[in-house]
Amino acid sequence: MILKFLRVSSFVLLMSSFHGFCDPEVSTSNDSIHYYLEQAKQKYQDNFQEALVSTQLAEKIAVENNYDDVPEINFTYAGLFYVNGNYSNSLKYFLKAVSGFKNHNDVVGESKSYAGIGLIQQAIDRHEVAILYFDKAISLIEDDKFLLSSYYFNKSISYLELHNLRKAKQFLDRSHKFAVESNRKGVLHKIQNRKAQLLFLERKFEKSKQAYQDLLSNSKELSNWEKSFAYAGLAEVNLTLKQFSQAEKNALKAYRYAKITNSYWDLERNTGILSDIYQKIGDTIKRDFYAEENIEYRDSLYNDKQLDQINLLQLEYQEEENKLLSYQKAASEKKLMIIKILFIIVVVKTIIGLVFFLRLRKANRQKSLLNKELSIKNEQLNKINQSKNKMFSILSHDLKSPMSSLLQLIELLKEGAFSEEEQKEVLKEMHMQLSSTSLMLRNLLKWATNQMENNEVNLKKVDLIDKVNEVVDVYFVIARNKNVTIAHESNGLKQLLIYVDPAHLSVILHNLLSNAVKFTPENDLIKISYAEQEKNACLKIFNAGEPIKENKITEIKTNQTKVVSEFGTFNEHGTGIGLLLVKQYLLSNNATLEINPIEGKGTEFVICFQKV
């Protein structure tokens, strides 16, 4: 197999990015930990036992100093066991490292741990899974050219094993680009070796031979692993071209370098090549000698691999159990959340019905008590009906958009359209939307109660910026469904106090922001800003899109009953009363409205209130 002799050199690519360690005699305990981890990094290629001792010393210091979580220690253990071929222990420590790096918000360490898990999957021939882990590592460090050169290299090897030569070449080229930009000569040598091998697999034998020879011409810069790989590849090319003498010479060189590194994977490959060469030459004694060695190395690898796969499957089973429990918990939470949402909807409808019932009962009682003053009573009833109609128009207008958005999300949740992580995010947004809508509903019901009792304007000091924030929260999810950004710019103001009826202000803001979302195209912007004048404070709401027409402005300013509603950019339809309510309440609160179409950009609504 192509991959087996890459085990040590692949992990070199990961370990080489750790740096900045200190002398333990002149540093803190934490620096001492890093010093011993650096010692382990320097020793693991030549002496596993010494590297393991150094790592254990680092762990001992961590325990003595009550460091609960040092993910670099787990990462180093994982690397040592990986190089040693103990994949079950390696996987266990890589998983611990992932958790530790996440707790420390160390995305680079987390990325390298995922890459390490990918190398384990690669080593046991689970290449599709390995590629997924490499992709996860890449997604965390998309701008780190140093590490990307390693990740794309390892990804190309898995595609070689899957015999997908096109993708293998694609990722070798990408690895080469980042290796050049980050000046990683060692990685460039490995890439050159693999490109020569790729040419061989494409049956471009002369080009493959030349590529190996070009690499070996700079042999002083190559590691023993790379020399062994290059000479073995060259021997394969010679054998294919029936250049038996040269094939024997190069295969023996590869064999000697493999003996120096004591890598079973290289030795298994090289003895197989030598056995094939002597079979072609007709030297049965040497053929049988290397064939027997090849069987020994292969049997050793097979047995080790089987044990590792069993342990790995046990770990995977435990992981799947944990995933199942997490999924069941998430499903229960999702079901409970849906029940809560449905309950809230029922409560809202009940409250609306109760308000209507109380309002009607009061009207009937007043009518029976004042029957003798029929003309006065009729006038009062007309006013009551007008207030009632206005109240439900406002409730319908202001609740329609957020409730429609919530119902759409509930339908998607019922259909299972979201992943577990997306469900959490959606439920969080639904909670925020319901909280904001609930606040809006309380304000509207308070206003409705006031309307039942009198029609007086109740001017109070109100923080305009704070009130706008509340309304923006209501329309956040609705705007996001259209990919519309609401930019709320307070211009450095912490608060802006005005005299206004709070309930009237809520109606004004809801209508203006609802219209802005309605007429803003997908993927565009709503900008909210403020301006102060000598006696007034002004709120500006700009929405991008097609500017409002002059005849529509005239209609809004002159009509006293209803404005013809137009469809929004997502075919949203309104009632035509929103801007009339805005006009009425601005007039009641001594405030003004300006509508400014801006050619080629959009429309700006400016409302000015009396400043405190």
Pop a pseudo-label 7 angstrom from the Cα along the beta-carbon direction at both residue 161 and residue 185 and give the gap in nm to one decimal. 3.0
Which whole number in µm²/s is D for the stretch 99-144 by Stokes-Einstein, with the Kirkwood Rh taken over Cα pairs at 25 °C and 0.890 mPa s? 233
Give the residue list of GluC sites (Glu not before Pro) in the stretch 99-146 that are DSSP loop and have at most 12 other beta-carbon atoms within 10 angstrom. 142
Spin-label point model (7 Å from Cα, Cβ direction): what's the residue 106 to residue 203 distance in nm? 5.0
Tell me, what is the FRET efficiency for residue 469 and residue 524 to the nearest 0.05, using R0 = 22 angstrom and their Cβ-Cβ distance as r? 0.55
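Classify the stretch 207-279 as rounded, prolate or oblate, taking a ≥ b ≥ c as the square roots of the eigenvalues of its Cα gyration tensor: rounded when a/c is under 1.5, otherwise prolate if a/b is larger than b/c and oblate if not.
On the way: a/c = 2.20, a/b = 1.08, b/c = 2.03.
Oblate shape, in that a/c is at least 1.5 and b/c is the bigger or equal ratio.
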Give me the accessible area per residue for the stretch 462-569, probe 1.4 Å, as a whole number in Å². 47
What GluC sites (Glu not before Pro) in the stretch 183-234 are in a loop by DSSP, with at most 16 other Cβ atoms within 10 Å of the Cβ? 202
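Figure the gain on full extension for residue 298 and residue 241 (residue separation times 0.36 nm, minus the Cα-Cα span) and round it to one decimal in nm.
On the way: separation 57, 0.36 × 57 = 20.52 nm, distance 2.64 nm.
Extra length available between residue 298 and residue 241 comes to 17.9 nm.
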Accessible surface, 1.4 Å probe, highest first, among residues 126, 359: 126, 359
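The values are calculated or read from the model by the stated rules, or taken from the named source; none is laboratory data. These numbers were taken from a predicted model, which means no experiment stands behind them. With ideal geometry, Cβ positions are generated from the backbone for all residues, glycine too; neighbour counts draw on all protein chains shown. All accessible areas refer to the heavy atoms of the entire protein, side chains included, with ligands and DNA or RNA removed. Shrake-Rupley method; radii C 1.70, N 1.55, O 1.52, S 1.80 Å.
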